[in-house]
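Student: Quick one: structure below, then a few questions.
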């Protein structure tokens with residue numbers, strides 16, 4: 001990482017725009033999930049086995065082949081739940097609650113974002129991820145609940161507020177797990193991590209939101225969701241080092257339709273499969 005930071009610093013001193021272009025390239029070319037420890041490898045293996053239980057189908061969206069996985073309800077069907085993974089993750093890492101959701105009567109659909117998992121591509125623009133979610137929701141919908149982790153929250157918000165999806169409705173319940181509230185918080189953290197100056201960061205942010213025709217300040221979930229009736233449950237661990245807990249508090253400020261469930265000791269990723277968070281998920285999707 002030090003080598004990359006030094007390189008970007010040199011680019012930045014020569015041309016903030018070139019440094020911003022390099023940052024944009026890095027941001028839109030997600031790396032595979034980091035799996036290092038024996039425990040992580042075991043969990044990844046179990047997740048892949050669970051994913052293999054789903055019915056695989058591919059959709060073509062914006063030139064990408066999007067891998068989808070459908071898990072049929074094992075009790076009388078009561079609805080459909082869509083799982084949305086985060087950046088540099090994959091559908092497999094959303095599988096922990098699937099058995100219990102199926103037993104409740106839900107069809108469960110997961111998918112890999114562009115350039116993630118088994119979907120095609122190496123580059124994933126934010127707009128492409130939004131279009132993929134809309135296509136999956138429309139293909140398998142209507143969607144009764146969306147369970148989104150991390151960056152999947154902003155992608156879900158953008159898809160919902162675009163009003164371009166017939167599969168996402170005013171009745172679709174939202175469950176955001178460790179999700180950022182403002183895109184600006186994400187870009188600021190990324191810029192700080194790779195060592196961008198403020199000038200280069202501003203250019204990078206303009207490049208990222210340009211396809212949406214708005215400025216970065218408009219990419220604020222509290223603003224975007226404020227006029228929508230969709231119920232929102234937020235799960236967030238206070239010790240999350242990747243997405244600060246204040247993101248959850250910003251969601252909670254939307255009012256009574258938000259149910260904030262603060263957890264402890266589950267970090268940013270263990271929250272996806274830990275028993276306390278799974279119990280909250282089951283409560284949130286009760287018919």
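Student: From 166, 159, 115, 137, which residue is assigned to a helix (DSSP H, G or I), in contact (Cβ under 8 Å) with a residue 12 or more places away in the chain, in the same structural domain as residue 51 (by TED's automatic domain parsing) and more than 12 Å from the chain's Cα centre (by Cα)?
Tutor: On the way: 166 fails: assigned to a helix (DSSP H, G or I); 159 fails: more than 12 Å from the chain's Cα centre (by Cα); 115 fails: assigned to a helix (DSSP H, G or I).
Going through 166, 159, 115, 137 in turn, the sole match is 137.
Conditions tested, residue by residue: (1) free of Cβ contacts under 8 Å to residues at least 40 places away in the same chain; (2) buried (at least 21 other Cβ atoms within 10 Å of the Cβ); (3) not assigned by TED's automatic domain parsing to the domain that holds residue 126.
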{"site": "188", "(1), (2), (3)": "yes, no, yes"}
{"site": "237", "(1), (2), (3)": "no, yes, no"}
{"site": "250", "(1), (2), (3)": "no, no, no"}
{"site": "258", "(1), (2), (3)": "yes, no, no"}
{"site": "261", "(1), (2), (3)": "yes, no, no"}
{"site": "267", "(1), (2), (3)": "yes, no, no"}
{"site": "270", "(1), (2), (3)": "yes, no, no"}
{"site": "274", "(1), (2), (3)": "yes, no, no"}
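Here is a yes/no grid of residues against (1) crowded, with 19+ Cβ neighbours inside 10 Å; (2) on the phi > 0 side of the Ramachandran plot; (3) out of contact with any strand residue (DSSP E or B) (no Cβ under 6 Å at 6 or more places or on another chain); (4) not in a loop (DSSP other than H, G, I, E, B):
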| position | (1), (2), (3), (4) |
| --- | --- |
| 32 | no, no, yes, no |
| 35 | no, no, yes, no |
| 47 | yes, no, yes, yes |
| 57 | no, no, no, yes |
| 68 | yes, no, no, yes |
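Student: If you don't mind, another one. Residue 103 passes all but one of (1) assigned to a loop (DSSP other than H, G, I, E, B); (2) farther than 28 Å from residue 205 by Cβ; (3) out of contact with any strand residue (DSSP E or B) (no Cβ under 8 Å at 6 or more places or on another chain); which number fails?
Tutor: Going through the list (1) assigned to a loop (DSSP other than H, G, I, E, B); (2) farther than 28 Å from residue 205 by Cβ; (3) out of contact with any strand residue (DSSP E or B) (no Cβ under 8 Å at 6 or more places or on another chain), residue 103 breaks only (1).
Student: Let me ask something else. Residue 213 passes all but one of (1) in contact with a helix residue (DSSP H, G or I) (Cβ under 9 Å, 6 or more places away or on another chain); (2) more than 26 Å from residue 279 (Cα to Cα); which number fails?
Tutor: If we test residue 213 against (1) in contact with a helix residue (DSSP H, G or I) (Cβ under 9 Å, 6 or more places away or on another chain); (2) more than 26 Å from residue 279 (Cα to Cα), just (1) comes out false.
Student: Confirm whether residue 199 is surrounded by fewer than 18 Cβ atoms within 10 Å (Cβ to Cβ), at pLDDT below 95, farther than 29 Å from residue 43 by Cα and in contact with a strand residue (DSSP E or B) (Cβ under 9 Å, 6 or more places away or on another chain). Give the steps one after another, and end with the answer.
Tutor: On the way: surrounded by fewer than 18 Cβ atoms within 10 Å (Cβ to Cβ): yes; at pLDDT below 95: yes; farther than 29 Å from residue 43 by Cα: yes; in contact with a strand residue (DSSP E or B) (Cβ under 9 Å, 6 or more places away or on another chain): no.
In short, no.
The values are calculated or read from the model by the stated rules, or taken from the named source; none is laboratory data. The structure displayed is predicted, hence computed values, not measured ones. Using ideal geometry, Cβ is built from the backbone for each residue, glycine included, and neighbour counts are taken over all protein chains shown.
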